[in-house]
Each structure stands twice: as structure tokens, then as C-alpha cells.
Amino acid sequence: MIGLISNFGYSESGNEIYYVYKNFFKLGYDILIIPLNDMDSIKESINRCKGIIMQGGDDYQPIHLEIIKYLYDNDIPLLAICMSMQAMGMLFNGKLELINNHSDTYHEVFIDTDTLLYDILGTDRLIVNSYHKYTVNSTDLYVSAYSNSVEAIEDKSKRFFLGLQWHPEKMIEYDKLERKIFIYFKEVCDGVKRIN
């Protein structure tokens, strides 16, 4: 079971809702949707899972930082995407910077060869999408990919603690490299892959 942290928002009629992006259901995982409510119930749900995906969104909240810290402290595999990657960076002394022209575009990123991300992809360059308005411009986590801004961060001492600024889930149907990220993540969660 892979946990997927929901986002909080409002319906068109103004009702409070929790939501997840449908692309994650194309991965073939057994997914447990975890509502973004109180931390005690979130921890209980997390502990039923082998790993956690935190999706993108508009702005992270203090509870996102609590979730990331819990996952980090307990070495539970985490794949954090876009806004959630920014929250990862902020938890580890990061700073956010507002950027322009990063909406619905594609660009190349450069990957450090001494990283988990490189081990997964086997390449030092990758074309990714962009849907973000902020970037992490500094953090104590290791910067594993960059363009004109930070594109991926990780902690190599953990089983899987990786944040991506782009949205690989939007590219899995046509990009084999993006699919590799989710395959590797699941293998780590299942104990098939071990991080050295």
C-alpha cells in the first residue's frame, strides 16, 4: 500500500473538500488516500503504508512540514512533488523565491551523478514540465538536479527521501524515464531495492 496525501480545498459551491490528482491512479499502485486532517489520524494512516507520495498544490501548510518530519524521522520512503518538494526544502532551512514563466512549459534539468536521482534514471539530463510559481533557492538537503533553479532535492542517508519540482505523474504515459521514478520508488517500498 502506498499512501497518497490529499490536498485541502473548496468545491465550486464552496464546500470544503479533500482531493487528489487522478494521474496517480495510473501508476498501478494500491493507494490509500490520506485526508489532510489531524496529525494523529495522518500518522495512523501513514503507518499502514510502505511509502508516501505527497502531491503538488498551491501552497503548503504547517501540517505538511509535520508530515515530512514524521516521515524523515521514521525513515519512511517519501516522494514529494512540486509544492511538497518546496515544503521539504523549507523544513531543512530552505528559502523560497517567487519566479516567473514556469507554468505549463518544458525545459531541461541537469542531474548530479552522485545522487539517488541519477541512480534511478541513469542520465545526467532530463526534460521536465513546469507548473510552479516558487522555487527553493537554498536548503540543507542535497540538490540533486538543477536548471536555473533547484529542481530536485534528497537525503542520501535515507531509504528514499526525494523531492522533485516537476510533475512526473503527468508524463508517465509517454516518458519512460519518468515512469522509472515511480517504479524505483515502489521497489524501495517493497524492499526490492536497497539504498547503499
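The values are calculated or read from the model by the stated rules, or taken from the named source; none is laboratory data. As the structure is a prediction and not an experimental result, all values here were calculated from the model. Positions of Cβ are generated from backbone atoms using ideal geometry, with glycine treated the same way; all protein chains shown enter the neighbour counts.
Per the conditions (1) surrounded by 17 or more Cβ atoms within 10 Å (Cβ to Cβ); (2) within 14 Å of the chain's Cα centre (by Cα), the sole criterion not satisfied by residue 131 is (1). Checking each residue in region 36-60 for being closer than 11 Å to residue 7 by Cα and exposed (fewer than 14 other Cβ atoms within 10 Å of the Cβ) picks out 37, 58, 59.
When residue 63 is tested against the conditions (1) modelled with pLDDT of 95 or more; (2) farther than 18 Å from residue 4 by Cβ, the lone failure is (2).
Looking only at region 136-153, residues that are part of a strand (DSSP E or B) and surrounded by fewer than 22 Cβ atoms within 10 Å (Cβ to Cβ) come to 5 in all.
For region 158-176, which positions are farther than 23 Å from residue 65 by Cβ and either polar (S, T, N, Q) or part of a loop (DSSP other than H, G, I, E, B) (or both)? Listed by number, the residues that qualify are 171, 172, 173, 174, 175. Here region 139-196 is the region considered, the condition is being farther than 10 Å from residue 116 by Cβ and among the hydroxyl-bearing types (Ser, Thr, Tyr), and the residue that is modelled with the lowest pLDDT is 149. All conditions but one from (1) within 18 Å of residue 149 (Cα to Cα); (2) surrounded by 15 or more Cβ atoms within 10 Å (Cβ to Cβ); (3) aliphatic (A, V, I, L, M); (4) over 13 Å from the mean Cα position of the chain (by Cα) apply to residue 98; the one that does not is (2).
Identify the residue in region 161-188 that is free of Cβ contacts under 8 Å to residues at least 60 places away in the same chain and surrounded by fewer than 21 Cβ atoms within 10 Å (Cβ to Cβ) and, among all such residues, is farthest from residue 76 (Cα to Cα). This residue is 174. The residues on offer are 133, 95, 158, and the sole one that is in contact (Cβ under 8 Å) with a residue 12 or more places away in the chain, farther than 26 Å from residue 34 by Cα and among the basic types (Lys, Arg) is 95.
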